[in-house]
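Undergrad: First the structure, which I've put down as structure tokens, then a few questions once you've had a look.
The values are calculated or read from the model by the stated rules, or taken from the named source; none is laboratory data. Bear in mind the structure is a predicted one, so any value in this text is a computation, not a measurement. Using ideal geometry, Cβ is built from the backbone for each residue, glycine included, and neighbour counts are taken over all protein chains shown.
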Amino acid sequence: MNLDPYGNCLSSCAPKQYYDSLTRLCINCSTQCYSCSGPLSTDCLSCQPPLQLYQGSCITNCPFGYYATSTFYCQPCSSNCADCSVTSTNCTVCNEGALLISGSCSVSCGSGKYLDTVTQVCFDCHASCLNCSGPTPS
């Protein structure tokens, strides 16, 4: 059982509070946290939307190499992606030496595609071409 600040027994602490075993009281979390394990802004266990939980802190946007889940947690991108969005495998930026092809990273563009050397992104060849080095039919 936990005690509220008035000495009443509680079965658990309210949202935005944690149980302090030293004082045996429910104490408010940092204002950034929805649930927490301690008083610091780095003790968050969950965040109030739209903030995202990243390494115990509530932040506005996940850092490079992480994506925001629908449950407001920052999760790492797969090892194929340098950065991603929506899922760990939906790449938006590839690791060095890999090419971005329809949300995936690959070492080559593959048949029916060409590499845009400026953006380092693969695009479909013109409809009349089986293979190509650019977007035009020539």
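Undergrad: Regarding segment 84-93, can at least one residue be identified that is in a loop (DSSP other than H, G, I, E, B) and at pLDDT below 85?
TA: There is no residue in segment 84-93 that is in a loop (DSSP other than H, G, I, E, B) and at pLDDT below 85.
Undergrad: Looking only at segment 26-38, decide whether some residue is within 25 Å of SER70 (Cβ to Cβ), small (Gly, Ala, Ser) and under 14 Å from the mean Cα position of the chain (by Cα).
TA: no
Undergrad: Quick test of your reading of the structure: ALA14 fulfils all but one of (1) more than 30 Å from SER104 (Cα to Cα); (2) modelled with pLDDT of 90 or more; (3) touching a Cys at 6+ places or on another chain (Cβ under 7 Å); (4) assigned to a loop (DSSP other than H, G, I, E, B). Name the failing condition by number.
TA: With respect to (1) more than 30 Å from SER104 (Cα to Cα); (2) modelled with pLDDT of 90 or more; (3) touching a Cys at 6+ places or on another chain (Cβ under 7 Å); (4) assigned to a loop (DSSP other than H, G, I, E, B), ALA14 is out only on (2).
Undergrad: A further question on this structure: Inspect segment 27-41 for any residue being under 17 Å from CYS74 (Cβ atoms) and assigned to a loop (DSSP other than H, G, I, E, B) and give the result as yes or no.
TA: Yes, that holds for at least one residue.
Undergrad: Now, a different point. With respect to the numbered conditions (1) surrounded by 15 or more Cβ atoms within 10 Å (Cβ to Cβ); (2) part of a loop (DSSP other than H, G, I, E, B); (3) at pLDDT 85 or above, which one is the sole condition not fulfilled by GLN75?
TA: (2)
Undergrad: Keeping to segment 121-138, report how many residues are surrounded by 14 or more Cβ atoms within 10 Å (Cβ to Cβ), in contact with a Cys (Cβ under 8 Å, 6 or more places away or on another chain) and modelled with pLDDT under 85.
TA: The qualifying residues number 1.
Undergrad: Kindly list the number of the only condition in (1) in a loop (DSSP other than H, G, I, E, B); (2) modelled with pLDDT under 95 that fails for PRO63.
TA: Of the numbered conditions (1) in a loop (DSSP other than H, G, I, E, B); (2) modelled with pLDDT under 95, the odd one out for PRO63 is (2).
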